[in-house]
Amino acid sequence: METNQRRSSFEGEDDEEALKCAAIGRLLRNAQISKILCSSKSSSEEDGKDSDDIKQLELSERKALLDKLVKIPEEDNERFLLKLRERMDRVGLDIPTIEVRFEDLNVEAQVYVGSRALPTLHNFFVNMLEGFLNYLHIIPSPKKPLHILHNVSGIIKPQRMTLLLGPPGSGKTTLLLALAGKLGQDLKYSGRVTYNGHGLEEFVAQRSSAYIGQHDNHIGEMTVRETLAFSARCQGVGHNYELLTELLKREKEANIEPDPDIDAYMKAAALEGQHTNVVIDYILKILALEVCADIMVGDEMIRGISGGQKKRLTTGEMLVGPVKLFFMDDISTGLDSSTTYQIINSIRQSIHILNGTAIVSLLQPAPETYELFDDIILLTDGQIVYQGPRENVLEFFESMGFKCPERKGVADFLQEVTSRKDQWQYWARKEEAYNFVTVNDFVEAFKSFHRGQQLSQELANPYEKSKSHPNALTTKKYGVNKKELLKACASREFLLMKRNSFVYVFKATQVSSMSR
């Protein structure tokens, strides 16, 4: 009876407070607790014990909800995502997609070469002096140009997993940073990068996409759950609230009753400013971080989680946000092949079902992980040797006279076949004398290959901006308002002060005693 009253009251009101109350009500599904939580005016009259009990019930209900939806990630995650997609498809709700294009991309750096590149004390002072004189245009710059990317072009398509392969020093990180709009100011950049036909200057690329770097940079005194919670609060919910509002409106018009568990998850995920969120628990589960969720991350001075768990935490910090476009740089470092497969498979399911876009750089992926990807980009010496479906990559190299051995991993073969040291062992035309095939030769050959010609035709036809979903790209610099950012940062600093209370008390006592 009370559940029907809550549903009818929600349908009768369209304001934000009604949506929040209904979301919490469905999540907890407890009449007495829902009444206390939604009655914000009278909540201050409750004693501290009741608040603690409510918080504990929230945690238990959230865990029970996730156990019903995704009990075993390897088996249930795809089924859960399909339910989310089915709910939106039933009312004809379009999910935003992002297609990334880059044309004639060149990146160049000015560097010292030879002994001048060594970090010695002599070089430090000489470099400062020469830099100052060059700034005054008295002497030319002693630095030499280094081409990192040379005239690369391609398309990263939505609903497809793209694997970026290449030997160390090939320019993979620079390419990902360029696509994410995060290149350093000291790099010389030319070319054009577009999202759905829009240039990087037309929107905020840093919030429309997520770059996951190679290095882990965390606060050691915070736990894994607290780290993800802070990241989620800063990123906000994006356009999830608008999409949920439109979804509920269409379901009401079509008289469709949604799955209560899916409904609870989507509503809880669309609420801003939460210290704990059901999405955080979901990411902890699919990244296998539940076992260390309440353990400090740790650093050089504090014992914490392992290196592989830190790498997964770095990935999770971006996954908890509303972004659907990911640039992942060597996210498998420190992970075993089984864990890497599970993470890539979970990301693949999300990309395929929820219309996401992802390009992932892996150094030496296992064969089963390699098979999860749809497209391959092979980057060597700053040039793209091949870009296209995974099924055609061996066909291209066989047309060049190179064949992958049966027991050789395809990913390892692709990274070695362009190397001067290893290329000879894959030569398959025994009747012909082997001659080293340069990277430039491969690049020219790919232009005449049928996949290369198809790519050129697609690039020649510009993306129609009218096809872009209005919620696909964001023009706001921050995911939440400045007040919420201040609250999130203040909450984190108070937490760190509490964790390091001995240091603060000792310093305060020391300063007080010395001032007398």
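The values are calculated or read from the model by the stated rules, or taken from the named source; none is laboratory data. Computed from a predicted structure; not experimentally measured. Positions of Cβ are generated from backbone atoms using ideal geometry, with glycine treated the same way; all protein chains shown enter the neighbour counts. For the accessible areas, the whole protein counts, side chains as well, though only heavy atoms, and no ligand, DNA or RNA atoms are used. Shrake-Rupley method; radii C 1.70, N 1.55, O 1.52, S 1.80 Å.
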Could you give me the ³J(HN,Hα) list for the stretch 285-298, computed from phi with Karplus coefficients 6.51, -1.76, 1.60 and θ = phi - 60°, whole Hz, x at Gly and Pro? 6, 6, 9, 6, 10, 4, 5, 10, 4, 10, 9, 4, 5, x
From the phi angles alone, apply the Karplus equation (6.51, -1.76, 1.60; θ = phi - 60°) to the stretch 138-143 and give each ³J(HN,Hα) in whole Hz, x where the residue is Gly or Pro. 8, 10, x, 5, x, 6
With +1 on the Cβ of every Lys and Arg and -1 on the Cβ of every Asp and Glu, the dipole magnitude of the chain about its Cα centre, in debye rounded to the nearest 20, is 1120 debye
Expressed as a whole number of Å, what is the distance separating the alpha-carbon centroids of the stretch 314-341 and the stretch 470-516? 27 Å
For the chain, longest principal axis from Cα atoms; helix 260-269 axis from its Cα atoms; angle between them, nearest 10 degrees, is 70 degrees
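Order these peptides, 109-120, 381-392, by their mean beta-carbon neighbour count within 10 angstrom, highest first. Write down the numbers at each step before the final one.
Numbers: 109-120: 11.3, 381-392: 20.4.
The densest-packed peptide leads the list: 381-392, 109-120.
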Could you work out how far helix 482-499 tilts from the main Cα principal axis of the chain, as a 0 to 90 degree angle to the nearest 10? 90 degrees
Return the label of the correct value of semi-axes √(5λ) of the Cα gyration tensor in Å, as calculated from the structure shown, out of (1) 33, 30, 22; (2) 45, 32, 22; (3) 35, 30, 25. (2)
Computed from the beta carbon distance with a Förster radius of 60 Å, FRET efficiency for Leu118 and Leu93 to the nearest 0.05 stands at 0.55
Report the far tail of the P(r) of the stretch 426-516, meaning the percent of Cα-Cα pairs longer than 22 Å. 71 percent
With all protein chains present, how much of the accessible area of the chain (probe radius 1.4 Å) comes from carbon and sulfur, to the nearest whole percent? 53 percent
Given 172-180, 418-426, 131-139, the highest-first ranking by average Cβ count within 10 Å works out to 172-180, 418-426, 131-139
Simple spin-label estimate for Arg499/Ala433, 7 Å along Cα→Cβ, in nm, reads 6.6 nm
Helix-only CD estimate at 222 nm, as mean residue ellipticity for the chain, using -39500 (n - 2.57) per DSSP H run (n ≥ 4): -15000 deg cm²/dmol
Sequence-separation-based contact order of the stretch 381-516, relative, with Cα cut under 8 Å and 6+ spacing, percent: 23 percent
If you take every DSSP beta bridge fully contained in the chain, what fraction is antiparallel? Give it as a percent rounded to 5. 65 percent
Output needed: percent of Cα pairs per 5 Å distance bin for the stretch 215-299, bins running from 0 to the one holding the longest distance. 3, 13, 19, 20, 16, 11, 8, 5, 3, 2, 0
Relative to the longest principal Cα axis of the chain, at what angle does helix 73-90 sit, 0 to 90 degrees, rounded to 10? 80 degrees
Just to check I understand the Karplus step: with θ = phi - 60° and J = 6.51 cos²θ - 1.76 cosθ + 1.60, what whole-Hz values come out for the stretch 110-122, glycine and proline as x? 9, 9, 7, 10, x, 5, 5, 7, 6, x, 9, 5, 5
What residues have an amide H closer than 5 Å to that of Gly191, excluding those fewer than 5 places away on the same chain, when H is modeled at 1.01 Å from N in the peptide plane? Asn106
Under the rule of at least 5 residues apart or a separate chain, name every residue whose amide H is placed under 5 Å from the amide H of Thr97. His469
Students often check this: by mean Cβ neighbours within 10 Å, which of 442-453, 248-259 ranks highest, and how do the rest follow? 442-453, 248-259
Under the definition of Cα pairs under 8 Å and six or more residues apart, what whole-number percent is the relative contact order of the chain? 21 percent
Compute the distance from the alpha-carbon center of the stretch 91-121 to that of the stretch 123-144, in whole Å. 26 Å
Can you tell me what the convex hull of the Cα atoms of the stretch 296-451 projects to on average, as an area in nm²? 11.8 nm²
Tell me which trypsin sites (Lys or Arg not before Pro) from the stretch 276-360 have a DSSP coil assignment and no more than 15 other beta carbons within 10 Å of their own. Arg303
